[in-house]
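For reference, the structure is listed below as structure tokens.
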């Protein structure tokens with residue numbers, strides 16, 4: 001997929017120039033982010049059904065945490081990814097609550113988790129940003145990195161509310177040698193640009209060819 005989107009972006013830049021190729025760049029980064037989460041998310045004719053290392057790792061991590069009696073919040077950015085994780089929990093027989101932007105019974109889902117009836121709460125990025133008080137949680141898992149540090153902190157803070165009486169452990173799952181790792185490094189240097197690249201903001205126009213070369217470079221060792 002990296003080779004494919006690299007070719008597509010280079011062709012677009014050759015025709016239109018870098019400044020006018022923002023949509024192609026954002027689409028390429030979106031596909032690379034989706035591959036890190038689960039290859040099945042990518043809408044492409046070249047898509048191949050291959051297992052997700054991150055999804056497998058999360059399943060193993062969850063079993064360990066649940067055996068320790070943890071109460072867990074999981075934040076994936078893609079709603080499609082949340083649905084895949086719900087299927088995994090169902091297959092494993094793990095009770096859960098979930099919240100997306102289209103969830104009607106928000107209060108019921110929150111109470112299921114807060115009361116201790118279920119140990120896992122999956123929350124989509126947009127649904128979980130504000131207005132939630134989830135002090136039953138002692139573990140937060142960010143399935144994929146949130147390019148805006150403030151947004152990620154805000155999500156983590158769902159467990160750090162008034163009334164929290166225990167330490168909260170935070171796990172960030174980042175696929176090694178991929179665009180995820182590169183964006184996290186970029187975020188530390190240029191937080192505004194990193195956010196713009198993934199949100200489609202106007203600052204994405206500041207992207208230069210050296211940075212693009214780094215983002216679309218071959219996988220690291």
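The values are calculated or read from the model by the stated rules, or taken from the named source; none is laboratory data. Computed from a predicted model, the values in this text were never measured in an experiment. No Cβ is skipped: glycine too gets one built from the backbone with ideal geometry, and neighbour counts run over all protein chains shown.
List of remarks:
- Where a residue in the stretch 97-121 is in a loop (DSSP other than H, G, I, E, B) and its partner, wherever it lies, is modelled with pLDDT under 95 and surrounded by fewer than 14 Cβ atoms within 10 Å (Cβ to Cβ), with Cβ under 7 Å and at least six apart: 101/126
- Any hit, the stretch 49-62, residues being more than 17 Å from the chain's Cα centre (by Cα) and under 19 Å from residue 139 (Cβ atoms): yes
- One residue from 30, 89 being assigned to a helix (DSSP H, G or I) and within 22 Å of residue 156 (Cβ to Cβ): 89
- Every pair of residues 6+ apart whose Cβ atoms lie under 6 Å, when the first sits in the stretch 172-198 and is under 20 Å from residue 6 (Cα atoms) while the second is at pLDDT 65 or above and loosely packed, with under 14 Cβ neighbours inside 10 Å: 177/219
- Only one of the numbered conditions (1) out of contact with any strand residue (DSSP E or B) (no Cβ under 9 Å at 6 or more places or on another chain); (2) outside any loop (DSSP other than H, G, I, E, B); (3) at pLDDT 90 or above is not met by residue 25, and that is (3).
Residue by residue, here is whether (1) in a helix (DSSP H, G or I); (2) in contact with a strand residue (DSSP E or B) (Cβ under 9 Å, 6 or more places away or on another chain) holds:
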| residue | (1), (2) |
| --- | --- |
| 35 | yes, no |
| 43 | no, no |
| 55 | yes, no |
| 62 | yes, yes |
| 69 | no, no |
| 74 | no, yes |
| 81 | yes, no |
| 84 | yes, no |
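- If the condition is being in a helix (DSSP H, G or I) and either crowded, with 21+ Cβ neighbours inside 10 Å or in contact with a strand residue (DSSP E or B) (Cβ under 8 Å, 6 or more places away or on another chain) (or both), then the stretch 141-155 contributes 152, 155.
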